[in-house]
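A short write-up of the structure that comes next.
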Ligand code: ADE
């Protein structure tokens, strides 16, 4: 996959893109992230990327010319989704990230200042994405969030191929609790069922814990998924085991 990022602050990306899983995915050639400075696509002496809003008001607005020039340069004759990071966009989700990961190529435009000229939205952008109902100082951190979550879905990126399909949200439920050694840490012990070696019991316990956690923390998620017929029975029959831990 190829991802082109258009930003006024390319230097912000170096840590997150070069480190850990995204860094390794780039080294392995699974994804290539290319950073472009929108200011390099200005043609005036002052390299101006923003201007006052017509009609007055506070703040500056990103000018259309450099953003159009940058996207045209980056895409050439090619075609790809052009994403704008903005709090007005569709909320990023597991499902949206998975869909984006199926694209061969993405272009991400990071908005800044008080907003972008509406003609950028109208004629250049194919999808607007928000990472949550709060306003950040720019689209750079949201772009990094999108890249991180999309890259996880690319084949070969996560060690265990199935992890991406079993983690929180993959099945519409939150994840079950995980434990590792030691068995007893300062008197806090690992639930006995996980040491039992009984794979069916362990799977049932995990499903029960996932259901429970989702019910307690994100009941909205439960309304959106089809519970397995076994889930109700599981919750009832496993209640004791859940309660012990
Ligand atoms: N730019 C500023 N705030 C944002 C948000 N919440 N999501 C995406 N882009 C943004």
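Numerical summary
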item	result
Matching helices (runs of 4 or more DSSP H) fully within the stretch 1-86 where at least 1 residues are touching a helix residue (DSSP H, G or I) at 6+ places or on another chain (Cβ under 8 Å) and closer than 14 Å to residue 116 by Cα	64-75
Residue match in the stretch 98-120 (condition: within 16 Å of the ligand (Cβ to nearest atom), touching a helix residue (DSSP H, G or I) at 6+ places or on another chain (Cβ under 9 Å) and farther than 30 Å from residue 48 by Cβ)	yes
Residue 76 vs. criteria closer than 28 Å to residue 157 by Cβ and exposed (fewer than 14 other Cβ atoms within 10 Å of the Cβ)	yes
Selection status of residue 115, crowded, with 17+ Cβ neighbours inside 10 Å and not assigned by TED's automatic domain parsing to the domain that holds residue 58	no
Some residue of the stretch 156-167 being in a loop (DSSP other than H, G, I, E, B) and modelled with pLDDT of 95 or more	yes
Among (1) surrounded by 11 or more Cβ atoms within 10 Å (Cβ to Cβ); (2) not assigned by TED's automatic domain parsing to the domain that holds residue 218 - the single one residue 202 does not satisfy	(2)
Subset of the stretch 79-94 that is under 10 Å from the mean Cα position of the chain (by Cα) and more than 10 Å from the ligand (Cβ to nearest atom) - its residue that is surrounded by the most Cβ atoms within 10 Å (Cβ to Cβ)	94
Complete set of residues in the stretch 67-78 that are touching a residue at least 40 places away in the same chain (Cβ under 8 Å) and either within 16 Å of the ligand (Cβ to nearest atom) or out of contact with any strand residue (DSSP E or B) (no Cβ under 9 Å at 6 or more places or on another chain) (or both)	67, 68
Whichever residue in the stretch 144-155 is surrounded by 11 or more Cβ atoms within 10 Å (Cβ to Cβ) and part of a loop (DSSP other than H, G, I, E, B) and, among such residues, is nearest to the ligand (Cβ to nearest atom)	153
Qualifying residues in the stretch 121-143 (those that are within 13 Å of the chain's Cα centre (by Cα) and assigned to a strand (DSSP E or B)) - the one nearest to the ligand (Cβ to nearest atom)	130
Of all residues in the stretch 44-64 being in contact (Cβ under 8 Å) with a residue 24 or more places away in the chain and either within 21 Å of residue 10 (Cα to Cα) or not assigned by TED's automatic domain parsing to the domain that holds residue 114 (or both), the one that is surrounded by the fewest Cβ atoms within 10 Å (Cβ to Cβ)	60
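The values are calculated or read from the model by the stated rules, or taken from the named source; none is laboratory data. In this text the structure is predicted, and so the values were computed from the model without any measurement. In this analysis, Cβ positions are derived from the backbone assuming ideal geometry, glycine residues included, and neighbour counts consider all displayed protein chains.
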